[in-house]
Every structure is written in C-alpha cells, then in structure tokens.
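One structure below.
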Amino acid sequence: MMLNESLPQIRLHRNNIHRYRRLLKTRLTEIERQYIERRLAEEQSALDSLAAAAFPVSIFASKAPIDTGAAQ
C-alpha cells in the first residue's frame, strides 16, 4: 500500500484510539468498559500493523545507547 493511501487510515485509527481513551475516563458500566477496551486494543493493533507496513524502518527501533567510540 502506498504511503498516501496509508495516511488517512493511520489518522482514522489514531482518532479512534483517542476517542476510546477519552471514553474510558467517563463513567461506564463494566460491559461498556470491556467493549471499549477491546475496541481500543483492536484499533491499536490495526494502527501498529498499518504503521509498520507504511514505515518499515523506524528511527525508534533501537533503544540501546549509541557507542561513540570515545574512551573515558
């Protein structure tokens, strides 16, 4: 999928995630909370998959410190 096709879908999933997080801060029944938590997990998974396909190389992939080669 081309990047220009992926961006609207990424935006859609991101907006849904924000909406579900806002809803979780409100008073809900346990059934409603479970449903929203499940939908939130599904949206996050879809966003992660789409982002990985659209941006295969991530600058945040490694959290290890960079060796500058300078001895102290």
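We did not get these values from a lab; they are worked out from the coordinates using the rules stated. Predicted model, so just to flag it, every value in this text is computed and none were measured. With ideal geometry, Cβ positions are generated from the backbone for all residues, glycine too; neighbour counts draw on all protein chains shown.
Binning the alpha carbon pair distances of segment 18-60 at 10 angstrom intervals from zero yields the distribution 27, 39, 22, 12, 0, expressed in whole percent. Working from label points 7 Å from Cα in the Cα-to-Cβ sense, the Arg33 to Leu7 distance is 3.9 nm. Once the C-beta distance of Ala53 and His18 is scaled by a Förster radius of 30 Å, the resulting FRET efficiency is 0.90 to the nearest 0.05.
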